[in-house]
Amino acid sequence: MKEKKDIRILAFESSCDETSTAVVKNGSEIESLVVATQIKSHARFGGVVPEVASRHHIEVITQITREALEEAKVSWEDLDAIAVTHGPGLVGALLIGINAAKAASMATGLPLIGVDHIMGHISAAQLVEPVEYPALALQVSGGHTEIVLLKDPTHFEIVGDTRDDAAGEAYDKIGRVLGVNYPAGKTIDQWAHQGKDTFGFPRAMIDEDNYDFSFSGLKSAFINTCHHADQIGEKLDKYDLAASFQAAVVDVLAEKAMRAIRQYQPKTFIMGGGVAANLGLRERMNKEIAALEKAPKVILPPLKLCGDNAAMIGAAAYNQYLAGNFADLTLDADPSMELPYAEDYK
């Protein structure tokens, strides 16, 4: 029998190419986590095909909901709320999870909670250990590269954003040039550790007095270098290419993140998103933060919580539950949803 102090949330995540359900207790304990990946289906296309993603979500969402409840050893009566990602993401994919969550809420009478996908990635940190506020997050994924200030568990504000390609998107695009199947990030990271930064690719905006990013120029410089070599019959070392690309990405991310840490003096530093699994970035951030005279606590979620998953949505939903932020059956997909941008902080 569940004690009243325990809050269990069934969460759905279907924003892109992973269908996931989870039961999360008290925003910090994963009682079950099921992820149905679609990587093999999209790899042949070199990226996510929205229509294919939506069809896969439809095929598996009922089954993985059942699996999440069974793995957690709970019934619908043991739950306190239903949570779902409602943006940002692919609109068709989002709607599958939203409609499943709405149906569950309507059938059970459990309250519904809509969760921002980016807030979910960052909230994955509380599944590792408690977050002390204010906190600062470096959110790095295929669609987003942002520095986010967390005033408390429900108030997140962007202080730096990408102006074009996100870091993960750039990894996938240069991966195609190198013949690496989607998603390319893990392989490029592995190759980078076997090569050297011999190409000196550009570090865009690294010295600008802001926390914004740009990776389109780096991507173009990489592609032009490879194409030029092909035209003159020169063979380039793939490990050095990977190392040079990754060094440029990590230099910019680390420089901007460290500057933000020095300015905002957070009690906790968090990394979230798929690129947060990058070993080169993790090593760099751990090293630089450890050298600070006044270092924040660092929370780097395990690799399984860096990609899209429903446990992170359950964690974020718990914070919304405590704040009384519930949705109703008019909840809709918001594919372009953004966290608010911060005002000027002194």
Estimated FRET transfer efficiency (Ala323, Asp6; beta-carbon r; R0 22 Å; 0.05): 0.75
Links that overshoot a 21 Å alpha carbon limit, given the list Lys151/Lys186; Lys151/Lys297; Lys102/Lys304: Lys151/Lys186; Lys102/Lys304
Relative contact order of the chain, defined on C-alpha pairs under 8 angstrom at six or more residues apart (%): 25
The chain - accessible surface per residue (Å², probe 1.4 Å): 44
Stokes-Einstein D in µm²/s, Kirkwood radius over Cα pairs - the stretch 260-346 at 37 °C with 0.692 mPa s viscosity: 207
Chain lengthening between Thr108 and Asp230 when straightened (0.36 nm per residue, less Cα-Cα): 37.9 nm
Label point at Ser216 placed 7 Å out along Cα→Cβ; residues across the stretch 139-168 whose backbone nitrogen lies under 16 Å: 143-145, 161-168
Computed accessible area, Cys226, all protein chains, 1.4 angstrom probe, square angstrom: 10
Antiparallel bridge percentage (DSSP; both residues within the chain; nearest 5): 60
Those lysines that a straight Cα-Cα span of less than 21 Å connects to Lys5, excepting residues fewer than 8 apart in one chain: Lys25, Lys73
Only Lys, Arg (+1) and Asp, Glu (-1) charged, at Cβ; the stretch 223-346 dipole about Cα centre in debye: 680
Share of carbon and sulfur in the accessible heavy-atom surface of the chain [1.4 Å probe, %]: 50
Rounded to whole Hz, the Karplus (6.51, -1.76, 1.60) HN-Hα couplings of the stretch 23-31, x for glycine and proline: 10, 10, 9, 6, x, 9, 10, 7, 8
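The values are calculated or read from the model by the stated rules, or taken from the named source; none is laboratory data. Nothing here was measured: the structure is a model prediction, and the numbers come from that model. Neighbour counts are summed over all protein chains in view; Cβ atoms, including those assigned to glycine, are modelled from backbone coordinates with ideal geometry. Ligands, DNA and RNA are excluded from the accessible area calculation, which covers all protein heavy atoms including side chains. Shrake-Rupley method; radii C 1.70, N 1.55, O 1.52, S 1.80 Å.
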